[in-house]
Amino acid sequence: MDAWINVNGENVQTLQILFMTTLLMLLPSMVVMMTSFTRYIISFSFLRSAMGLQQNPPNMVLVGMALFLTLFTMSPVISEIQTSAYEPYVAEEISQEEFFARAEVPLKEFMARNTEESSLELFCDLSGQEVPEDEEAVLNLPLRILVPSFVTTELKRAFEIGFYLYIPFLLIDVVVASALMSMGMVMLPPSMISMPFKLLLFITLDGWQLLFSALVQGFR
């Protein structure tokens, strides 16, 4: 028999409350694994390491930038979920089960557009399912296959971005180290001399806007 409790004069199932509590606990993990957040935060971390900065920008700033860029990137998905699932659910036009069924469709479409076929094939093979042949068939895949495929693709692309971010700053380090060795200044840390040149290069190229633009436009 279902257990019932009274909250603000309304009958609410105990199991429903437990389910919603569990969902709220998993919400941070869902934001990380099912949105563009992973690519953003890893790219920012690579940039900070490539420039040789230790704590600037601080972790809180990097996470904040990644969150707001994620909201910007995911705004069409969020709007579609609100229109097709949340508003009918609040108006009591659909059930909770139908709400989740509708809400996962825009997320699946976003992840499917940004998932490489090789990653999708990997997890389909591991789960023993057939590889979908078209985009509509991909949307029928369960989240347990689509989410890890999407995350694998995001990690791959984030590391590729990190590689490209390292190249110009690495060249500066090599040039500075070679110049110091040729002058016999082997005891002077190259990072101390190369840091101003890295900052100058980043500022001259308007690095933050360039990086933000490339990251956001990288999503389909």
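The table for this structure:
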| quantity | calculated |
| --- | --- |
| Residue within the stretch 49-63 that is surrounded by 15 or more Cβ atoms within 10 Å (Cβ to Cβ) and of a type in the set (Ser, Thr, Tyr) present | no |
| Helices (runs of 4 or more DSSP H) completely within the stretch 84-161 that count 2 or more residues being surrounded by 15 or more Cβ atoms within 10 Å (Cβ to Cβ) and in contact (Cβ under 8 Å) with a residue 60 or more places away in the chain | 96-113 |
| Residue in the stretch 123-144 that is under 19 Å from residue 42 (Cα atoms) and either among the hydroxyl-bearing types (Ser, Thr, Tyr) or touching a Lys or Arg at 6+ places or on another chain (Cβ under 6 Å) (or both) present | no |
| The stretch 197-220, subset open to solvent by less than 60 Å² (accessible area, probe 1.4 Å) and among the aliphatic types (A, V, I, L, M), residue farthest from residue 62 (Cα to Cα) | 201 |
| Exclusive hit being modelled with pLDDT under 75 and either under 30 Å from residue 153 (Cβ atoms) or not aliphatic (A, V, I, L, M) (or both), set 191, 213 | 191 |
| Filtered residue count, the stretch 83-114, keeping only those that are hydroxyl-bearing (Ser, Thr, Tyr) and closer than 21 Å to residue 31 by Cα | 3 |
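The values are calculated or read from the model by the stated rules, or taken from the named source; none is laboratory data. If you're wondering where the values come from, they're calculated on a predicted model, not measured in any experiment. Note that each Cβ is placed from the backbone with ideal geometry, even for glycine, and that neighbours are counted across all protein chains shown. In case anyone asks, the SASA skips ligands and DNA or RNA and just uses the protein heavy atoms, side chains included. Shrake-Rupley method; radii C 1.70, N 1.55, O 1.52, S 1.80 Å.
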